[in-house]
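> Pasting a structure here, questions to come.
The values are calculated or read from the model by the stated rules, or taken from the named source; none is laboratory data. Since this is a predicted model, take the numbers as computed values, not measurements. Backbone-built Cβ (ideal geometry, glycine too); neighbour counts: all protein chains shown. The area values use the complete protein model at the heavy-atom level, side chains included, leaving out ligands, DNA and RNA. Shrake-Rupley method; radii C 1.70, N 1.55, O 1.52, S 1.80 Å.
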Amino acid sequence: MAAAAVAGNAPAFAQSAPRIVSLDYGLVSTLLSLGIVPLAVSDLADWDKWVVEPAMPQSVVNLGSSWEVNFELLVALKPDIILTTPYLDELLPKLKQVAKVVRLEIYAPDIGPILPAAIAATRKLAAAIDREAEAEGFLQRADAFFTECRTRLAAKSLPSVALINFMDARHARIYARPGLYHNVLERIGVRNAWTEESNYWGFQTIAIEDLSRVADPDARLIAFEPVPADVLPKIKQSPLWQSLPFARPGHLSILPPALMFGMVNEALRFGRLLTDLLDPKE
């Protein structure tokens, strides 16, 4: 079962469906999996850079940056519901003047592991838009997909993995507890090589030499696109990089983008990319 099949194909817009706009990528992808195409989303131009799937229908309008929402356009669209998160609470007074606001917490202090929070937010979103049955079906397919990944990997002798995004040739974000990537690792039975706690978003910002704190000498480093164009050429010439175990052949892999601050769909995409890397299909 592929992750894209779990998410489902984006449906055609139904006349009876609520008119919804979203200011969060994870909520948008969840909305698509519940059978509703949004009117508009923020940061649409970077969807294929960070999220990729599910594919965004061409009818969806770009509202501009989430922090600089085009309110003139938003008002003109006459939405029934605006989806947002605590990250954008400063916009709440203005948003509430336009339409009903549904604010869902996934990334917030003290919320704990992100994947359970994303599952709970999926159910709350479904209740707000009368899509409970669709949500339960989606979550059941997601759970089955994670089980399938775990089964595939159970017979393998797996290395632990350290997961990063390169920020530049000297710095990276590394992903750990309680973040979405870490939760997926636990779900599919892969050890996270980075055992330090992170912030509630699930990452730490580190210097490249801090990768020496990974205790497992056989760990594999996995970086996600987009990787700045100058990073790989520069680190290959760096004595610091060459001193790390990850500089050995076969210990660094680059995967396509998987949104690290997403919800269930993004967890599915990450799980599929990692499982296919560790257990390549012929």
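> Go through (1) within 30 Å of Asp24 (Cβ to Cβ); (2) in contact with a strand residue (DSSP E or B) (Cβ under 9 Å, 6 or more places away or on another chain) for Ala267 and report which single condition fails.
(2)
> Next question, about the same structure. Please go through (1) touching a Phe, Trp or Tyr at 6+ places or on another chain (Cβ under 9 Å); (2) closer than 28 Å to Ile111 by Cα; (3) open to solvent by 20 Å² or more (accessible area, probe 1.4 Å); (4) in a loop (DSSP other than H, G, I, E, B) for Gln204 and return the number of the only condition it doesn't satisfy.
(4) is the only condition that Gln204 fails.
> Would you please name the residue that is surrounded by the most Cβ atoms within 10 Å (Cβ to Cβ), looking only at residues in the stretch 248-281 that are within 19 Å of Lys156 (Cα to Cα) and of a type in the set (S, T, N, Q)?
Of everything passing the filter in the stretch 248-281, Thr275 is surrounded by the most Cβ atoms within 10 Å (Cβ to Cβ).
> Search the stretch 131-142 for residues that are in contact (Cβ under 8 Å) with a residue 40 or more places away in the chain and among the charged types (D, E, K, R) and pair each with any residue that is open to solvent by less than 20 Å² (accessible area, probe 1.4 Å) and outside any helix (DSSP H, G or I) when their beta-carbon atoms are under 8 Å apart and the residues are at least 6 apart or on different chains.
Filtered contacts from the stretch 131-142: Arg131/Leu34; Arg131/Ile36; Glu134/Leu34.
> Considering the stretch 226-247 alone, what residues qualify as being free of Cβ contacts under 8 Å to residues at least 40 places away in the same chain and open to solvent by 80 Å² or more (accessible area, probe 1.4 Å)?
Residues satisfying the conditions are Ala229, Lys236, Gln237, Pro239, Gln242, Ser243.
> Right, here's the next one. If I filter the stretch 122-143 for residues that are open to solvent by less than 10 Å² (accessible area, probe 1.4 Å), of a type in the set (Ser, Thr, Tyr) and within 28 Å of Tyr200 (Cβ to Cβ), do I get at least one hit?
Checking the stretch 122-143: at least one residue is open to solvent by less than 10 Å² (accessible area, probe 1.4 Å), of a type in the set (Ser, Thr, Tyr) and within 28 Å of Tyr200 (Cβ to Cβ).
> Name the pairs: first residue in the stretch 262-282 and within 16 Å of Ile119 (Cα to Cα) and among the aliphatic types (A, V, I, L, M), second residue open to solvent by less than 10 Å² (accessible area, probe 1.4 Å) and not in a helix (DSSP H, G or I), Cβ to Cβ under 9 Å, at least 6 apart or on different chains?
From residues that are within 16 Å of Ile119 (Cα to Cα) and among the aliphatic types (A, V, I, L, M), the pairs are Met263/Ile106; Ala267/Ala258.
> Checking Thr205 against (1) within 25 Å of the chain's Cα centre (by Cα); (2) closer than 22 Å to Glu186 by Cβ; (3) touching a residue at least 24 places away in the same chain (Cβ under 8 Å), which single condition isn't satisfied?
Among (1) within 25 Å of the chain's Cα centre (by Cα); (2) closer than 22 Å to Glu186 by Cβ; (3) touching a residue at least 24 places away in the same chain (Cβ under 8 Å), Thr205 violates only (2).
> Would you mind finding the one in Ser59, Ser66 that is in a loop (DSSP other than H, G, I, E, B) and in contact with a helix residue (DSSP H, G or I) (Cβ under 8 Å, 6 or more places away or on another chain)?
Ser66
> Of everything in the stretch 84-120 that's assigned to a loop (DSSP other than H, G, I, E, B) and aliphatic (A, V, I, L, M), which residue is nearest to Met260 (Cα to Cα)?
Top of the filtered list is Ile106.
> Can we say Asp48 is in contact (Cβ under 8 Å) with a residue 12 or more places away in the chain, acidic (Asp, Glu) and either open to solvent by less than 50 Å² (accessible area, probe 1.4 Å) or over 17 Å from Ala267 (Cβ atoms) (or both)?
no
> Which condition number does Thr151 fail, the rest of (1) surrounded by fewer than 16 Cβ atoms within 10 Å (Cβ to Cβ); (2) in a loop (DSSP other than H, G, I, E, B) being met?
Of everything listed in (1) surrounded by fewer than 16 Cβ atoms within 10 Å (Cβ to Cβ); (2) in a loop (DSSP other than H, G, I, E, B), Thr151 misses just condition (2).
Let's see how each residue does on (1) open to solvent by 50 Å² or more (accessible area, probe 1.4 Å); (2) under 25 Å from Ala135 (Cβ atoms):
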| site | (1), (2) |
| --- | --- |
| Gly26 | no, yes |
| Gly35 | no, yes |
| Asn70 | yes, no |
| Pro113 | yes, yes |
